[in-house]
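Structure first, commentary second.
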Amino acid sequence: MAYNKRYADWSRKVWVEIYAPQRIFNEKILGETPVYRDNIENVIGRTVDLNLAFITGNFKYQNYKVIFRINKVVGTKATTEIKELSLYDVYVRRLTRKGTSKIDDSFVTETADGIKVRIKPLVITRFKAHRKQKTAIRLTYRQYLLEKAKTLTFEDLIEKTINYELQNEIKPVLNKIFPVDKVEIRKIVREGSQ
């Protein structure tokens with residue numbers, strides 16, 4: 001149905017402020033959303049997606065997009081949890097060049113705090129790799145991430161991905177298999193959250 005000003009009834013609505021998770025982003029305000037005054041709980045489950053550079057104020061994080069999900073409302077203040085962290089498709093396309101190999105993977109694991117997470121790693125090699133080398137890189141990276149995720153909470157996993165700690169830790173190991181140009185985590189999705 002098309003938007004009609006007459007039926008919106010803005011006098012019955014209030015603006016609810018949306019805040020980022022406290023531990024990683026220090027409850028930075030993400031925006032506002034309108035909701036009917038009688039049903040403020042209806043805001044739970046709504047999502048907000050933003051560029052990470054705007055949230056942190058640091059331009060080096062411009063390639064990441066974060067999707068937040070509202071999980072709790074107190075008065076007109078809504079708190080969120082991270083639902084998904086992903087690289088923009090444009091950035092991934094820019095990484096891949098002729099004469100290189102793009103090695104993708106996707107698997108589900110569980111973090112130390114019991115949250116099921118789908119991780120999609122990405123490796124770009126310097127030269128064209130053979131199938132056996134691609135398989136070896138994929139299996140090594142997957143094994144590393146499976147073991148690492150079990151020792152970290154979900155928020156720690158997100159934080160270490162943003163700061164490139166996980167990627168920089170595994171890169172020398174992958175370089176022994178085949179020369180690697182870029183090691184990324186393309187996407188981390190919290191499984192089971194609508």
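The values are calculated or read from the model by the stated rules, or taken from the named source; none is laboratory data. Nothing here was measured: the structure is a model prediction, and the numbers come from that model. Please note that ligands, DNA and RNA were not included when accessible areas were found on the heavy atoms of the full protein model with its side chains. Shrake-Rupley method; radii C 1.70, N 1.55, O 1.52, S 1.80 Å.
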Probe of 1.4 angstrom, ligands and nucleic acids ignored: what's the accessible area per residue over the chain, in square angstrom?
58 Å²
Relative intensity, log₁₀ I(q)/I(0), of region 1-82 from a Debye sum that treats every alpha carbon as a point, q = 0.15 Å⁻¹:
-0.59
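Quick check: at a probe of 1.4 Å, how many percent of the accessible area of the chain sits on carbon and sulfur atoms? Show your work: numbers first, answer last.
On the way: 5410 of 11160 Å².
C and S fraction of accessible area: 48 percent.
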Karplus-derived 3J(HN,Hα) from phi for region 124-130 (6.51 cos²θ - 1.76 cosθ + 1.60, θ = phi - 60°), whole Hz, x at Gly and Pro, runs 10, 8, 6, 10, 5, 9, 7
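With a ≥ b ≥ c the root eigenvalues of the C-alpha gyration tensor of region 57-153, is it rounded (a/c under 1.5), prolate (a/b larger than b/c) or oblate? If you can, show how the numbers build up before the last one.
Values: a/c = 3.53, a/b = 1.62, b/c = 2.18.
Oblate.
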Of the listed links Lys28/Lys171; Lys116/Lys182; Lys98/Lys148; Lys98/Lys132; Lys116/Lys160, those spanning more than 24 angstrom between alpha carbons are Lys28/Lys171; Lys116/Lys182; Lys98/Lys148
In what order, largest first, do Lys128, Lys13 sit by accessible area if the probe radius is 1.4 Å?
Lys128, Lys13
Quick check: convex hull over the Cα atoms of the chain, volume per residue in Å³, rounded to an integer?
149 Å³
Amide H contacts under 5 Å for Leu152, restricted to residues at least 5 apart in sequence or on another chain and with H modeled in the peptide plane, are Ala112
